[in-house]
1. So in the stretch 327-358, with the set limited to residues that are surrounded by 14 or more Cβ atoms within 10 Å (Cβ to Cβ) and within 18 Å of residue 379 (Cβ to Cβ), which one is farthest from the chain's Cα centre (by Cα)?
2. With touching a strand residue (DSSP E or B) at 6+ places or on another chain (Cβ under 9 Å) and over 18 Å from residue 374 (Cβ atoms) as the only criterion, which of 311, 330, 306 stands out?
3. Could you please let me know if residue 203 is under 28 Å from residue 102 (Cα atoms), in a loop (DSSP other than H, G, I, E, B) and either assigned by TED's automatic domain parsing to the domain that holds residue 20 or touching a strand residue (DSSP E or B) at 6+ places or on another chain (Cβ under 8 Å) (or both)?
4. So residue 162 clears everything in (1) at pLDDT 80 or above; (2) buried (at least 19 other Cβ atoms within 10 Å of the Cβ) except one condition, right? Which one?
5. Among what's in the stretch 211-233 and is surrounded by fewer than 17 Cβ atoms within 10 Å (Cβ to Cβ) and in a helix (DSSP H, G or I), pick the residue that is nearest to the chain's Cα centre (by Cα).
6. Find the residue count for the stretch 283-312, including only residues that are in contact with a helix residue (DSSP H, G or I) (Cβ under 8 Å, 6 or more places away or on another chain), free of Cβ contacts under 8 Å to residues at least 24 places away in the same chain and not in a loop (DSSP other than H, G, I, E, B).
7. What residue, of 369, 319, 361, is more than 36 Å from the chain's Cα centre (by Cα), in contact (Cβ under 8 Å) with a residue 24 or more places away in the chain, surrounded by 13 or more Cβ atoms within 10 Å (Cβ to Cβ) and part of a loop (DSSP other than H, G, I, E, B)?
8. Could you check how many residues of the stretch 176-199 are under 25 Å from residue 82 (Cβ atoms), under 28 Å from the mean Cα position of the chain (by Cα) and either assigned to a loop (DSSP other than H, G, I, E, B) or not assigned by TED's automatic domain parsing to the domain that holds residue 37 (or both)?
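The values are calculated or read from the model by the stated rules, or taken from the named source; none is laboratory data. Every value quoted in this text rests on a predicted model; they were computed, and no experiment measured them. Please note: Cβ atoms are built from the backbone with ideal geometry, for glycine as well, and neighbour counts cover all protein chains shown.
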């Protein structure tokens with residue numbers, strides 16, 4: 001899924017940095033993702049949810065709130081109200097770019113901000129929250145009284161939150177105490193999806209219950225089982241994303257086709273780990289990666305695994321096609337491929353195939369199948385070599401190429 005930069009100016013004239021996860025081929029609508037209080041647009045959960053939704057046809061803007069990450073502003077002067085305003089301005093910038101925001105998604109305090117901001121964004125058709133506190137001041141319950149006194153005296157200071165130490169200003173503390181989330185929930189007129197873990201140690205499950213009871217229908221609740229607050233486990237983030245995408249389907253606009261080049265295969269960095277890639281080819285999507293021993297996450301096949309897979313697939317398909325043409329009783333084919341590099345040999349790459357067949361085949365037929373395997377198209381491509389056209393390299397912003 002293509003990712004592009006997307007910046008906009010908030011109500012204070014500060015430029016906020018964002019990343020736009022673009023859907024491909026089909027667009028089901030556009031969403032803005034509000035990150036958690038201790039996170040940013042590039043947190044593991046934000047990247048996973050943004051890219052996961054884009055894979056389902058929902059374009060997502062994930063951006064850093066004022067004073068966070070790559071966005072301009074003073075973190076010490078940040079406030080919950082400013083976060084809400086940033087969400088509204090993000091939606092306005094998306095609308096100006098002909099990408100009207102149909103859904104708000106918020107994680108933790110970003111979820112509470114989404115609940116408050118929804119009424120100020122006319123195009124919003126649905127809101128989804130993940131681990132959101134019922135009221136913005138909930139986070140202060142984790143802050144020791146002594147820390148609050150120091151912030152009151154110094155104007156700013158560090159506070160422990162969810163295993164992290166974050167810096168907040170007195171302006172933030174004063175502001176969260178003034179918000180009445182229940183009032184905003186009572187006025188929420190769009191469908192609401194609440195996702196929360198029953199074992200959340202930062203924002204307990206009672207917050208989800210209070211949000212659900214205060215909101216009007218249509219509203220839904222999904223338990224995130226054993227997930228932690230930050231969705232550190234990729235499987236938890238993927239589960240939350242799949243649920244949001246499925247739930248939102250009935251509330252989003254009619255899908256529209258998107259223009260764009262379709263390649264035979266495409267790989268793009270996910271932002272998770274050093275090497276993890278999102279691949280798409282032949283209408284399917286999956287991950288590629290490197291083993292943990294060389295700095296990867298071990299979350300998918302390596303490039304050489306994929307090359308071996310191509311040979312295994314082509315060999316199996318070729319044998320099936322040949323046997324069917326001959327009318328032979330070949331019931332099933334399974335091909336395993338090993339790859340290694342042999343030092344001091346040219347070429348150094350060696351592929352070994354282990355083919356297992358089922359069916360009442362005689363010795364002559366088996367010999368013929370082995371001969372055909374050595375002539376499958378991918379085998380011939382690897383054996384004969386290939387030519388490469390010149391590389392085309394362009395900037396994501398389209399301002400040049402080389």
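1. Here the answer is 357.
2. That would be 306, the only listed residue that is touching a strand residue (DSSP E or B) at 6+ places or on another chain (Cβ under 9 Å) and over 18 Å from residue 374 (Cβ atoms).
3. yes
4. (1) is the only condition that residue 162 fails.
5. Only one residue tops the list, namely 212.
6. 1
7. Values: 369 fails: part of a loop (DSSP other than H, G, I, E, B); 319 fails: part of a loop (DSSP other than H, G, I, E, B).
Only one candidate passes the filter, namely 361.
8. Of the residues in the stretch 176-199, 3 are under 25 Å from residue 82 (Cβ atoms), under 28 Å from the mean Cα position of the chain (by Cα) and either assigned to a loop (DSSP other than H, G, I, E, B) or not assigned by TED's automatic domain parsing to the domain that holds residue 37 (or both).
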